[in-house]
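Here is the structure we will look at.
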Amino acid sequence: MVSRHVLQQCAIAISIASLIYNIAEGVISVVFGAESSSHALIFFGIQSVIEVLSASLVIWRFLHGLKPGEEGDAEDEVNSRTSKDLRVERIATLAIGTLLVVLALAAVGTSIASLIAHEQPSSSSASLIISACATFIMFLFWVPKRYLAKALNSSTMNGETLCTMSCIQFSAALLIGSLIYRIWRAGWWLDSATAIVIAVLFCWEGYKMIRWASNDRFDGGCGCGQEERKDIPEVTQPPQGG
């Protein structure tokens, strides 16, 4: 049995860890990108700002939700959220959805510019190491975030999960594109083309989040069905009084 309060604390903890990691990743990527004149690596570092902002919104949202003694089942929580709780959830969901759209548009713009300029992807060791580490580490963050989004039935946490997945896929695109370019010089366009496809998909997800947060029927839930959440342990309410 896991209390909702504990799950909220876990959401805050994983978001703080994610925030710290992404700050470090961003700084390192920009520094090495500048040294190797790699625009892709510089953009990769700058996009970490999106994940930092997204993680900050999750922390803000769940700090507002830490109310010992008022926890309940995830479905009950959706039905019993106060207007203030719902407002916080709505703002955070709307903001993260907007961040996803901004990230997607920036990725599309950068990729199109690279294609037009016939820019060669970076095949430096720094680029390969950074993108490989980012793909692996962000996946380790994504797994518990996905679990928490379902367990807490939170649209904010679900949005953070999508942000993390977008970073994983952009990291993988950078890694694979760099590896292919080392072997096949004519494949210089692959990472930019892949990034555009990924960006379009996440732009759509961000748009759906914005629409959901703007809807009058918004209840703060992540939209996870019962079948998707059947593997989540029951969230119980601790005994009242003492």
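FYI, it's all coordinate maths here, none of it is from the lab. Bear in mind the structure is a predicted one, so any value in this text is a computation, not a measurement. Glycine gets a Cβ as well: all are built from the backbone with ideal geometry, and neighbour counts include every protein chain shown.
Tabulated data for the structure shown
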quantity: Coil-residue chymotrypsin sites (Phe, Trp or Tyr not before Pro) of the range 111-213, DSSP, other Cβ within 10 Å capped at 11; calculated: Trp184
quantity: Length-normalised contact order for the range 2-221 - Cα pairs under 8 Å, 6+ apart - percent; calculated: 28 percent
quantity: Viscosity 0.890 mPa s, temperature 25 °C, Stokes-Einstein D of the range 108-203 from Kirkwood C-alpha radius, µm²/s; calculated: 172 µm²/s
quantity: Inter-centroid distance (Cα atoms) of the range 154-182 relative to the range 92-127, Å; calculated: 11 Å
quantity: Extension gain (nm, one decimal) between Ile20 and Val197, 0.36 nm per residue minus Cα-Cα; calculated: 60.9 nm
